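Notes follow once the structure below has been shown.
Each reported figure results from applying straightforward, stated rules to the coordinates on display, with no laboratory input. Not measured: the values here are computed from a predicted model. Please note: Cβ atoms are built from the backbone with ideal geometry, for glycine as well, and neighbour counts cover all protein chains shown.
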Amino acid sequence: MDGQKSLVEPTVDECLFDVVDDGKHCTLRVDGVLDAVTAPALLPTVERLLAGEVEEIDVDVSQLELIDSSGVAVIVALLRCMRARGRRARVIGMRGQPRSLFELVLPMLGDRS
């Protein structure tokens, strides 16, 4: 294999998410990797939450290991839509790489999560 490149396909990281909803408040927990590959899977859940009667959403990213601009876009869209409807949304549990990225983005939205 002298001078040859490996053609091994990278493994696809998973993004797991769940919603705990008690009526007016819910927590959307996002775990793993939220990127261009996994972010589209989260969109139907975000749309369902926005269509519902939830007054407050916490997006828990405490188990999120990596996020890219696609993942940030989904979460920012959720925050903006909730606020446009006079509802409350925030990102909680930030750590590691996601924290670094959110610390750049959230202040631009007027968020101090």
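Structural remarks
- R0 of 22 Å, Cβ-Cβ distance Leu43-Glu14: FRET efficiency to nearest 0.05: 0.85
- Estimated purely from DSSP H runs of n ≥ 4, each contributing -39500 (n - 2.57), the mean residue ellipticity at 222 nm for the chain is -11000 deg cm²/dmol once divided by its residues.
- Over all pairs of different C-alpha atoms, the chain has a mean inverse distance whose reciprocal, the Kirkwood radius, equals 14.9 Å.
- Note on the chain: dipole from Cβ charges, positive end direction compared against Ala84, His25, Val59; the farthest Cα belongs to Ala84.
- Normalised contact order of the chain, rounded percent, pairs of Cα under 8 Å and 6 or more residues apart: 24 percent
- Kirkwood Rh and Cα Rg combined as Rg/Rh, region 67-110: 0.96
- Net length gained if the chain between Ala84 and His25 were fully extended (0.36 nm per residue, minus Cα distance): 19.5 nm
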